[in-house]
Structures are given as C-alpha cells and as structure tokens.
C-alpha cells in the first residue's frame, strides 16, 4: 500500500509530505485549491507524461517520491526481485522533472526506464478518473478482473504456457517449411559427410598406434643390417668380442704363478664369454627369422593417408575426427526423421494445439460463468449509485478463426448501455468522467475480494450526484478501503464523513506567490470541513451540528 508521498516544487506545491494509512482516505478542499496535485503527482510517480509546466515557477525542478509497503504484494515483490531492485519490504518510486521538461525515473534509488515506473506502478495503484491512467478503459484490465473474479489464476497460467509451447513449435515448423530447400541441401551434405566418416570408422587411439607401427615397418632394412653386424661383432668375426674374451682368458691361464687376487676377474671373463655367446646366438636367430613386411607397411601408410586426408578436408586435427563423427551423426539424426523433422513437428503442433484447446475451453467456460455473475452484481451496485438504467455487459468476443492467443480463445471487454434499447458500447465511448468513476467503483466493490491491486484511487466519483446516492458512494468507498486502500477526491460531505483518513487541501498567497498546503485533519478538523462542505464559508450552529451528526454516523456505521 501507499505509505508516503513527498512532493517538492510541483505545480503550486512547494513542499508537501503526506503519510497514508490503510482504509479510505478523502481529499477535500475549495475549488482551485489544488486537490488534483496529489493524484497528478501519483500519476507522474507511475510514469505519466510530464512537461515543464509541472515545475513550480522559480524552481529548477520538481521532485515526487511515492513510498509503498509491498510486504503483502507478491506481484510487486517478484517484479522488483526480477529486476534486481528489491529492498526488503519498501518500494520507492521517484520522478524528477527539470524546468526544460526532461525527467528522470528511479526505483529504490536506482535510475530506471520510464516504462519500468509504468509497469510497477500498474501493479501498485489503479487510478480511476478521466486521466491517462484510467485502467478501466483497457481490455487487458477487463480480462484481468474477470479472471481474478473467476479464480482461474492457475488455469490462465497453464493456458499461457500451453500457448507458448504451441507457438514455439509453430515458429520452428514455419522456419523449417520456409527453408525447406536449404534444409534438404544441408541434409544431403550431412548424409555424405557421415557416410564418409562411417567408412573411415576411425577408433580412438588408432592413429597413434598406426604411426608407431609405420615407424617400425619403414626402418626394416636398417634393423636387419644393424642386427647382422651386431651378431658378427659378438661371435662370428675373427676379432669378435667372444674371441677377444677367449684370448684374454688364455693369457691369464698362462701366468707362471697362481695369483689369488685375479680369481674374481677370471670368473667375470668366463661369465662374459657365456653371455656374449648367448647374445650372438639370439642375434643370429633374429636375423635368420626376420622378415620385412612391405605389404603391411603399404597398408598402414594407406590407412594413415586416408585419416590425414579426412582431417584436412574438415580442417581439423586427426585426433578430432571421432568427435566430429559423433556430432555430425547427431545432427543428421535430428534432421532426418528425428526430433525437429517436419513430420514430427507437425505431429507435435497438433498435439500441443489439442492441449491448448482443452485448457482454453475450460478457461472460456469459467469466464462465461464468472461474467454472468459479475454482470448481475455490478448492475445491483449501479442501481444503488442512481444508475438503474445502466446496463453492464461483460462481452466475451471469440478470436477470429479461433486463433490461439496467450490469454485464451476470446477477448474480454466491458460494455455499457446507458438506457434500455440502446446498443451496448465500450466504456470509453459511452461513459462520462463521473459515470466512469462510479462504474469503476461498482466493479471494484464486486471484485474487491479477488482483485490484486492494493491501492485504488477515485477522482470525480461523485460528480452529478447527491443525497442518498452520495451516502452510498461513501459507504462503498469505505467498504473498499476496509479491504485495502482507497484514495478519493470528493466534493460531497456524505462521502468525506465516511473516510478513515481526511486530507484537506488549501492554498494561500505570500509575497505574490501562491502556495498549496495539504494537512491531515483530526476529528474536530474533519467535522469543520464537513460543515464547510455542507454550508459554505458562513457556518451556523445548525450546520456544525449537522456535520457532527453526519461524521458520527459515517464513523459508527462501519468498522
């Protein structure tokens, strides 16, 4: 709800700071005192159009700040959280307007686009007047009120999600159909590429293994030659290692005396002779058995060439070929009869359209039932407001061709007929400002228990009425205030006497400058203001007594 409004250098208000409470708040004052300042300032805080004329003469800029408690307004809290502007339970809308007409908008101290003020302001407040914020003239408001009255929030959400899914599939299908030739060419290319990679059938690690084998096979001659030479050097040559070791042993055996310290050395030479002989035998057998395999070498080199060529073709490294194969195969599967194929998309479109139609049909039935009840109850309230001939009709207009829409199968619009026999027409084309405000009041009273707009503002709701009807207007406004928060500008004492909070607007002149002053009245001040509204400037004891009685009755009749 609205908790505070601060206005600086706006119109004829130099500085106004108001505290608001729950319930019904009435704004009264003499004609020209500036009662519209509060509503106009709130309109600007909600993103309304501003001009340089809004700035008080002699000031550089006007500044308007509206503070709200959003602890009980989940829609507002969620909006703030989504836009990373949340600040516990407070929401502060600010508008600064310079004398050249430029303006800046802020939410919780952060600069923001003007449309953000409009979006959030529409959640926090609803102004019923002839001004630009008249939400009752918008069809989306009609649909919102009917759906809230019908209690179909979950159904509307499900319908919107079903439409969203259906529409996404429709867009994909349309795109596929429009690009059919291009898609077919892409499909053919993918098939060719995947078939090539299928034939190659490269396995992870195969390339490295082949390169190692190729290195060995390509050096077969060198291996054979070197192994043969090593065999000769070990045992088969006249100066082989085995022969040289044997000669060394012979020299030691011919020593004239026994030398014990050479015993280990002689043992080592005997062992070396045996090992060299075994190594020579092994090398000889290796050379005899070794066969070069030029056919296998050619096979390996051909395989490696195919791998390298495929990698160059796709401009990747050979190591990346298995991953490419997997990815292209998945793309082909999706385009060629898998998810996303024309046939499957068409089947999905039919399926999701059926789901949407089912939900939207339920929603239409609920809306039709709620609309009939809403019409009856609003008509009853209008009769109390001295509009007994005013017909109120909630018109459910089926979409052309029953084309799915996010909100269902129909547009919803409130129509009225001022007199019997006259065709029902949209509110904006029939109702005057005062009538529109009273129709708004009647609707809001009926939907008060289900409406999600916490602060309602009424202007001109009492234009052209008086007596008993004025008392009914006051009672209805107070009833609405008991369920939330209502602000109203009124000229009627019967209405003002029933409010929970009373703001009095006056103006005064000082040093050739005109100022507007707004003050919260206590009980005695309220009685005096009701008396002024009853009898004008010259108040008699009878007028004051009448005002006191009216005030007491207005406060005692309701809780």
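Which of (1) touching a residue at least 40 places away in the same chain (Cβ under 8 Å); (2) within 36 Å of the chain's Cα centre (by Cα); (3) surrounded by fewer than 23 Cβ atoms within 10 Å (Cβ to Cβ) is the odd one out, the single condition residue 486 does not satisfy?
Tallying (1) touching a residue at least 40 places away in the same chain (Cβ under 8 Å); (2) within 36 Å of the chain's Cα centre (by Cα); (3) surrounded by fewer than 23 Cβ atoms within 10 Å (Cβ to Cβ), residue 486 fails exactly one: (3).
What is the residue count in segment 315-367 for residues that are assigned to a helix (DSSP H, G or I), over 29 Å from the mean Cα position of the chain (by Cα) and in contact (Cβ under 8 Å) with a residue 60 or more places away in the chain?
Looking only at that region, the number is 12.
Looking at (1) buried (at least 21 other Cβ atoms within 10 Å of the Cβ); (2) under 20 Å from residue 34 (Cα atoms); (3) free of Cβ contacts under 8 Å to residues at least 60 places away in the same chain, which is the one condition that is false for residue 66?
(3)
Taking the residues in segment 70-91 that are modelled with pLDDT of 90 or more and buried (at least 19 other Cβ atoms within 10 Å of the Cβ) as candidates, determine which candidate is nearest to residue 51 (Cα to Cα).
Among them, the one singled out is 91.
What about residue 202, is it surrounded by 13 or more Cβ atoms within 10 Å (Cβ to Cβ) and not in a helix (DSSP H, G or I)? I'd like the intermediate steps shown before the answer.
Details: surrounded by 13 or more Cβ atoms within 10 Å (Cβ to Cβ): yes; not in a helix (DSSP H, G or I): yes.
Spelling it out, residue 202 is indeed surrounded by 13 or more Cβ atoms within 10 Å (Cβ to Cβ) and not in a helix (DSSP H, G or I).
Which pairs turn up if I take residues in segment 375-399 that are more than 16 Å from residue 425 (Cα to Cα) and look for partners that are assigned to a strand (DSSP E or B) with beta carbon separation below 7 Å, at least 6 apart in sequence or on another chain?
378/392; 382/392; 398/410; 399/405; 399/410; 399/411
Inspect all residues belonging to segment 255-266 and state whether any of them is part of a helix (DSSP H, G or I), closer than 25 Å to residue 217 by Cα and in the same structural domain as residue 223 (by TED's automatic domain parsing). Don't jump to the end; show me each part of the working.
Restricting attention to segment 255-266, the residues satisfying the condition of being part of a helix (DSSP H, G or I) are 260-266.
Now restrict to residues that are closer than 25 Å to residue 217 by Cα: none.
No: zero hits.
Hand me the list of strands (runs of 3 or more DSSP E) wholly inside segment 95-161 holding 1 or more residues that are more than 17 Å from residue 459 (Cβ to Cβ) and touching a strand residue (DSSP E or B) at 6+ places or on another chain (Cβ under 8 Å). Full working, then the answer.
Details: elements: 103-107, 110-112, 125-128.
Output list reads 103-107, 110-112.
Which residues, counting only those in segment 41-62, are closer than 21 Å to residue 115 by Cβ and surrounded by 20 or more Cβ atoms within 10 Å (Cβ to Cβ)? So that I can check it myself, show each step before the final result.
Step one: filter segment 41-62 for residues closer than 21 Å to residue 115 by Cβ, giving 41-51, 54, 62.
Hits for segment 41-62 are 41, 42, 43, 44, 45, 46, 47, 48, 50, 54, 62.
For every residue, the table says whether it meets (1) at negative phi; (2) in contact with a helix residue (DSSP H, G or I) (Cβ under 9 Å, 6 or more places away or on another chain); (3) outside the structural domain of residue 410 (by TED's automatic domain parsing); (4) touching a residue at least 40 places away in the same chain (Cβ under 8 Å).
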residue	(1), (2), (3), (4)
148	yes, yes, no, yes
153	yes, yes, no, no
156	yes, yes, no, yes
171	yes, no, yes, no
185	yes, no, yes, no
188	yes, no, yes, no
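Hey, does segment 54-70 have a residue that's in a helix (DSSP H, G or I) and on the phi < 0 side of the Ramachandran plot?
First, the residues of segment 54-70 that are in a helix (DSSP H, G or I): 54.
From the residues that got through so far, the ones that are on the phi < 0 side of the Ramachandran plot too are 54.
For segment 54-70, residues in a helix (DSSP H, G or I) and on the phi < 0 side of the Ramachandran plot: present.
Kindly provide the set of residues from segment 368-390 that are within 15 Å of residue 445 (Cβ to Cβ) and part of a helix (DSSP H, G or I), ordered by number.
373, 374, 375, 376, 377, 378, 379, 380, 381, 382, 383, 384
With respect to the numbered conditions (1) under 13 Å from residue 505 (Cβ atoms); (2) in contact with a helix residue (DSSP H, G or I) (Cβ under 9 Å, 6 or more places away or on another chain); (3) at pLDDT 85 or above, which one is the sole condition not fulfilled by residue 23?
Exception for residue 23: condition (1).
Quick one: in segment 522-559, which of the residues that are part of a loop (DSSP other than H, G, I, E, B) and touching a helix residue (DSSP H, G or I) at 6+ places or on another chain (Cβ under 6 Å) is nearest to residue 34 (Cα to Cα)? Steps first, answer last, please.
To start, the set of residues in segment 522-559 that are part of a loop (DSSP other than H, G, I, E, B) comprises 522, 536-540, 557-559.
Next, from what is left, pick out any that are touching a helix residue (DSSP H, G or I) at 6+ places or on another chain (Cβ under 6 Å): 539, 558.
Values: 539: 23, 558: 29 Å.
Filtering segment 522-559 for residues that are part of a loop (DSSP other than H, G, I, E, B) and touching a helix residue (DSSP H, G or I) at 6+ places or on another chain (Cβ under 6 Å), the one nearest to residue 34 (Cα to Cα) comes out as 539.
I'm checking my understanding of the structure. Among residues of segment 516-551 that are within 24 Å of residue 3 (Cα to Cα) and buried (at least 17 other Cβ atoms within 10 Å of the Cβ), which one is modelled with the lowest pLDDT? I'd like the intermediate steps shown before the answer.
Taking segment 516-551 as the starting set, the residues that turn out to be within 24 Å of residue 3 (Cα to Cα) are 516-526, 529.
Those left that are additionally buried (at least 17 other Cβ atoms within 10 Å of the Cβ): 516-518, 521, 526, 529.
On the way: 516: 80, 517: 84, 518: 87, 521: 94, 526: 94, 529: 92.
This residue is 516.
The values are calculated or read from the model by the stated rules, or taken from the named source; none is laboratory data. Since this is a predicted model, take the numbers as computed values, not measurements. Note: ideal-geometry Cβ built from the backbone for every residue, glycine included; neighbour counts use all protein chains shown.
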